Structures are given as C-alpha cells and as structure tokens.
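Novice: Structure in structure tokens, see below.
The values are calculated or read from the model by the stated rules, or taken from the named source; none is laboratory data. This structure is a prediction, so every number in the text was calculated from the model and none was measured. So basically every Cβ, Gly included, is an ideal-geometry build from the backbone, and we count neighbours across all protein chains shown. Just the protein is used for accessible areas: all its heavy atoms, side chains included, with ligands, DNA and RNA removed. Shrake-Rupley method; radii C 1.70, N 1.55, O 1.52, S 1.80 Å.
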Amino acid sequence: MNCQQAKPLIDPYADGELEAAAILELEQHLQSCSACGIAWRNLRSLKKTLKQDALYFTAPHELRQRIKSELPSPARGVPPWRAWNWNWLTTVMTGATASLALLLAVILTRPSSEQPLAQEIVSSHVRSLMASHMLDVVSTDQHTVKPWFNGKLDFSPPVKNLVEQEFPLIGGRLDYIGGHSVAALIFQRHKHIINLFIWPAKENDSKPAASAPLQGYHVIHWSDAGMTFWTVSDLNEKELMEFVRDFAAAGPVKP
C-alpha cells in the first residue's frame, strides 16, 4: 500500500468503519510511513480533543429556572409585549455570548487546513536529511537541473541559482507532497540545507507567509506565476525569508 492508497482510508479507520483486511494493510503502512503516521496521529488527537467535556456547555439548573420565572404566565392574561422583562433578555444574551465564545474557542484551536501540509513538508525535509535521497540530480548549474525534470513532471519548475546571494543551488529531486509528484530544489546556506518544493498552483498569487515552526524547522509558503512554493529549513526565519525574497527577485533561467 502506498500513500495515495492509504490517505483515503485514514478517516474511516479512525471512525472504526474500515474492513479487517484493509485495517491490517493500513496499519503496516502507517508504521513504515512517517507522513501518513503523522496524519493519523493528528486526526486521532483531534477526535480525542473534540470528545472532551470542556467543549460542551450545559446550562445550569439555576439558569433554566430563572428563564422560566421570567416568562409571562398565560393564566394571568398579561399580553406578551407587556410581560417583557429586560432581565430575561440579559440572561438569554449572556447564555448566547457564552455559547459563541465556546464556538470561537473550538474554531480557533482547530488545526488549519495548511497545518497537515506543513507537517508533510517538514517530514519530507527530514527524510531527505536522514536518507541518501536528498539529490536525484547533483549540480550547481540551473541549466543542468531544470532540464533534468523534463518528462518526469507534467510542469516545468522555475530553477534559479542564488550563489551570488550566498544561497547556492546544489541539485534537485522528485518528491511526493499532498498526493502528487512535486519538484524539490535543494539550496545551501553555510551548513544549513534548504528544501524548496514546487508544484502548479490552484489559488491566486499570494505573498510569503511563515507557518508556525514545526519540530524546530521554519516553513514559508507563497504562490507566484502559477506555481505554489513551500520552503523549509533549520535556518532561522529571518534568513529563510531572505532566501524567499532573493528567489522571487531572481530572473527566469535563460536558455
């Protein structure tokens, strides 16, 4: 089982809806694949959090009694508009405010849609550092690295060498992010490795935005000229943002 086959099964697996035969195969994959394993642990943690009692609010008995006591009594024959009491309105609004605050707390603490992708980016970066698969093509020449991707991807990634900005290109490789093949360009700053992942964008151009650090790594993403870019490194965020600006400012590769 590969990642593309495993990812659609993680949700039903977490809900206990997966068949026994598929469970065994999926569990073996989760043990061997760190990216899918992280996705499974994140989903399990989210489900556990949503089941906590702290996320549920039950109106106390005293509040229910106060609301009942403020309601007009039909037996008294008092018109509803005259039985209105601002204390009752205040009580209701207070309860509504508490419910709204609780809802906002759940929304704000829920992982964003970009967090799993950022985690996958970091995992791919870490794997490239641990294994011998950092580079499929070893070259400091963008005119060698860019043509290497021809026929291996259904798009042509922009390849630039920032040696004058002290971010020299050292090569590239194919990687797998978000369920599809992507280009990975590898740059270096002193002894720090920078992975830059590139694939066609589905959204409009966006300015560079830094995600929260993950496992000690800084992650920045942006979209430009029809491409999505995610870069990750243990380099400090200031220098990594400098790399992003230098890459964006560098001109296209000339044949």
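Novice: If I ignore ligands, DNA and RNA and count only protein heavy atoms, how much of E19 is accessible to a 1.4 Å probe, in Å² to the nearest 10?
Specialist: Its accessible surface works out to 140 Å², give or take rounding.
Novice: Further question on the same structure: Top to bottom by accessible area (1.4 Å), largest first, where do S45, S211 land?
Specialist: Descending order: S45, S211.
Novice: Kindly report, to the nearest 10 Å², the accessible surface of V137 as traced by a 1.4 Å probe over protein heavy atoms only.
Specialist: Estimated to the nearest 10 Å², V137 gives 10 Å².
Novice: Right, here's the next one. Do the alpha carbons of any pairs in K152/K238; K152/K207; K7/K152; K191/K238; K152/K191 sit beyond 26 Å of each other, and which pairs?
Specialist: As for pairs spanning more than 26 Å Cα to Cα, those are K152/K238; K152/K207; K152/K191.
Novice: Mind giving me the nanometre distance, one decimal, between the label points for L153 and A210, set 7 Å out from Cα along Cα→Cβ?
Specialist: Calculated label separation equals 2.6 nm.
Novice: Taking a ≥ b ≥ c as the square roots of the eigenvalues of the Cα gyration tensor of region 3-53, is the shape rounded (a/c under 1.5), prolate (a/b larger than b/c) or oblate?
Specialist: oblate
Novice: A further question follows. Using a 1.4 angstrom probe and counting only protein chains, how large is the accessible area of R127 in Å², to 10?
Specialist: For R127, the solvent-accessible surface is approximately 90 Å².
Novice: Let me ask another. With charges only on Cβ, +1 for K and R and -1 for D and E, what is the dipole size of region 3-53 about its Cα centre, in debye, rounded to 20?
Specialist: 300
Novice: Place a +1 charge on the Cβ of each Lys and Arg in region 152-243 and a -1 charge on the Cβ of each Asp and Glu, then give the dipole magnitude about the Cα centre in debye, rounded to the nearest 20.
Specialist: 200
Novice: Further question on the same structure: For region 139-225, which GluC sites (Glu not before Pro) are in a loop by DSSP, counting at most 14 other Cβ atoms within 10 Å?
Specialist: Counting only loop positions with at most 14 other Cβ atoms within 10 Å, the GluC sites (Glu not before Pro) in region 139-225 are E166, E203.
Novice: Shape of region 140-218 from its Cα gyration tensor (a ≥ b ≥ c, root eigenvalues): rounded if a/c is under 1.5, otherwise prolate when a/b > b/c, or oblate?
Specialist: oblate
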